[in-house]
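Trainee: Please read through the structure below; I'll follow up with questions.
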Amino acid sequence: MSKERGTRRRATRSEHALKAACIGAAVAMAAPAAAFKIDTGSPDLEITLDTTLRYNAAMRTGERDLRLVNSPAVDEGNWLFGKNDTALSRFDIYSELDLSYKRNMGLRLSASGWYDNNFPDRSRSDPRFATVPNYARNEFTGYIDRYYKGPSAEFMDAFAWTNLDFGGTSLNLKAGRFAWLPGEFLFGNGGSVSYSMAPNDGRKSDLSPGASAKETALPIGQVGATWQLNNAWSLMGQYTGEFRSSRISEGGTFWQVNDTALEGPQFISNPAVPRAPSFKGDKGDIALGLKWSPEKLEGDAFGLWLRRFDDKNPSWLSQIGVNANGSRIGRAVYAKDIELIGLTYNTLLAGWGTGIELNYRRKMPLNVRSGFAFGTFPGLVRDPGMEGPRGNTVHFLMSAVSTINKNALFDSGSIALQFDAMHLDKITSGASLYNGQGGNPACTDNLVLRGCSTRNAASIALSFTPTWQQVFPSIDISTPLFVTYGLSGNAAAVNAGVTPKGSWLVRPGIRVEYLAGKYKHQFDLAYTARGGKTGNIVTGPGAAPFFASGLANFRDRNYLSFTYQTAF
């Protein structure tokens with residue numbers, strides 16, 4: 001290799017490292033970096049303790065739209081807080097302990113805690129539906145009290161690792177609870193090869209807007225390995241030893257439309273359908289990956305993934321089962337035994353760090369119709385699994401990220417894009433339950449507005465962050481902007497990561513970073529607005545029900561949020 005070529009290759013790798021740094025800046029409100037190194041008295045033993053403190057506040061700015069509150073299943077979350085009410089006043093702490101011995105083995109422990117003195121003890125119902133709340137007597141359950149109010153805490157990461165060198169190869173092993181999310185995604189991995197590889201804490205994303213990715217990717221008990229065979233080839237593998245479900249905002253809270261979701265409410269319909277334990281997946285997910293980084297391409301990498309897994313996201317939030325005696329129960333369902341084969345590629349393209357993913361999934365859970373009941377009662381469908389409609393789907397994801405140099409408008413900046421698309425290849429089971437063309441007879445026109453799935457769907461997301469450095473001594477100011485928009489269709493696969501056509505979210509903000517000694521203090525103020533397709537569909541003489549699609553269900557819950565965080 002010539003000196004010039006070697007220099008170019010090192011530069012290319014630096015640009016890929018820059019891509020990773022840019023992603024961190026563009027995607028999330030990254031916690032201020034800090035670390036406390038514990039003196040062990042030994043050069044071989046390193047121990048660091050990092051702690052992030054955060055305060056989040058939010059105020060609802062949108063006036064309640066009663067057209068969106070049209071049943072007992074969607075009233076409580078909208079009524080919990082009114083316009084100009086404080087919807088959030090939460091303190092978070094996140095601590096990480098890392099131990100390394102000779103940089104060849106070690107362990108990691110992390111934990112998080114929280115408290116929101118503003119969260120109420122009782123849910124609130126629309127007066128029209130006051131007699132049928134989804135929480136008995138409108139009293140929040142202990143589950144809601146713990147995760148929304150607190151004070152409470154939980155362990156996160158807990159794993160050991162080691163590096164082994166033999167035969168000219170290097171093997172990294174991890175065992176314990178950790179999150180592993182490979183792929184080229186920036187804003188969400190619904191279309192990625194890593195979909196459901198680790199549970200996601202969407203609830204924390206709502207309740208703690210400044211939370212980093214390592215706080216919202218829930219660790220799961222597993223063994224993981226990366227075997228570097230040579231400079232060009234590496235093998236990766238995963239085997240899970242437990243099942244953990246993803247978290248979403250619970251029914252009856254400001255951040256959720258569906259009052260019957262997920263673990264908190266006691267009823268799907270009060271008192272006819274009490275909620276029972278969820279039908280969850282099992283341990284034993286398997287993932288195998290092969291990565292190829294040919295020397296001639298100077299940093300580009302190709303990946304091949306094969307996976308078999310149970311969905312960590314609920315594919316059916318409110319399934320109703322009827323026993324032989326006519327009694328009913330409601331539960332959430334998680335689809336099992338999904339199979340995936342996927343390809344990944346990343347490169348540097350015209351100064352943009354670019355990633356591409358394409359994957360095919362068998363037995364993927366599809367959008368399910370409401371109003372269906374299963375069980376042993378005469379006349380009902382007998383289906384022991386009751387997992388809902390399943391199908392084969394194709395998912396495509398493309399991401400790009402770049403930095404912007406100093407110019408007449410700002411000192412530096414970053415921009416990131418992600419395009420997601422999916423295609424329904426075929427329905428393989430439960431076609432009559434599918435809420436889309438070929439399943440629900442009502443899905444004949446205005447498909448997206450009705451919430452019906454389409455065979456194809458696509459959306460785009462963008463993050464742009466210009467920065468002005470040293471505006472005042474030790475103070476940098478930036479204005480992060482995040483936008484997502486549904487380009488076409490309504491995804492057939494559940495949790496596909498594709499925003500429905502016409503749905504949008506806009507979040508402009510301002511960030512102030514103040515460096516005091518070795519500590520950084522970060523202040524964020526942001527406004528979140530959402531919307532989408534709405535309208536009336538005439539379904540019979542004199543009938544014109546109001547429909548809201550996708551993010552339009554949050555069109556009246558715009559909010560202003562404030563975040564302060566520091567680390568030590």
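Read the figures in this text as sums done on the coordinates, not as results from a lab. All values reported here derive from a predicted model rather than from experimental measurement. Note that each Cβ is placed from the backbone with ideal geometry, even for glycine, and that neighbours are counted across all protein chains shown.
Trainee: Can you figure out the FRET efficiency of GLU63 with LEU297, using R₀ = 56 Å and their beta-carbon distance, to the nearest 0.05?
Mentor: My answer for the efficiency is 0.55.
Trainee: What are the ³J(HN,Hα) values, in whole Hz, obtained from phi via the Karplus relation 6.51 cos²θ - 1.76 cosθ + 1.60 with θ = phi - 60°, for each residue of region 168-173 in sequence order, with x given for Gly and Pro?
Mentor: Karplus-based 3J(HN,Hα) across region 168-173 equals x, 10, 10, 10, 9, 10 Hz.
Trainee: Moving on. Apply 1/(1 + (r/R0)^6) to the Cβ-Cβ distance of SER429 and TYR519, taking R0 = 45 Å, and write down the FRET efficiency to the nearest 0.05. Before the final figure, lay out the partial values.
Mentor: Details: r = 56 Å, r/R0 = 1.24.
Computed FRET efficiency for SER429 and TYR519 comes out at 0.20.
Trainee: Amide H neighbours of GLY391 under 5 Å, counting only residues 5+ apart in sequence or on other chains, H built in-plane at 1.01 Å?
Mentor: Residues meeting the amide H criterion: LYS363, MET364, LEU366, THR428.
Trainee: Could you tell me the calculated FRET efficiency between ALA130 and PHE546, based on Cβ-Cβ distance and R0 = 22 angstrom, to the nearest 0.05?
Mentor: Rounded to the nearest 0.05, the efficiency is 0.50.
Trainee: Determine Rg/Rh for region 418-568; Rg is computed over alpha-carbon atoms and Rh is the Kirkwood hydrodynamic estimate from the same atoms.
Mentor: Result: Rg/Rh = 1.16.
Trainee: Could you give the alpha-carbon Rg of region 290-406 over 2.2 N^0.38 Å, rounded to two decimals?
Mentor: 1.61
Trainee: Now for a separate question. Running Debye on region 42-105 with equal point scatterers at the Cα sites and no solvent, what base-10 log of I(q)/I(0) appears at q = 0.23 Å⁻¹?
Mentor: The calculated log intensity ratios at q = 0.23 Å⁻¹ are -0.95.
Trainee: Any idea how far apart ALA213 and ALA324 come out in nm if each label point goes 7 Å out from Cα toward Cβ?
Mentor: For ALA213 paired with ALA324, the spin-label model returns 5.2 nm.
Trainee: How large is the Rg to Rh ratio of the chain when both quantities use alpha carbon positions and Rh follows Kirkwood?
Mentor: Ratio value, two decimals: 0.97.
Trainee: Here's another thing I want to ask about it. Using only the alpha carbons of region 193-314, determine the length spanned along each of the three principal axes and report them from longest to shortest in whole angstroms.
Mentor: Principal extents (Cα only, largest first): 65, 32, 18 Å.
Trainee: So if each residue of separation counts as 0.36 nm, and I subtract the Cα-Cα distance between LEU349 and MET105, what length gain in nm does that give?
Mentor: Numbers: separation 244, 0.36 × 244 = 87.84 nm, distance 3.65 nm.
Working it through step by step, the gained length comes to 84.2 nm.
Trainee: Report the relative contact order of the chain, percent, no decimals, based on alpha-carbon pairs under 8 angstrom and at least 6 residues apart.
Mentor: 13
Trainee: Please report, in Å, the Rg and the Dmax of region 459-518, where both are computed over Cα atoms only.
Mentor: Gyration radius and largest Cα-Cα distance of region 459-518: 17.2, 52 Å.
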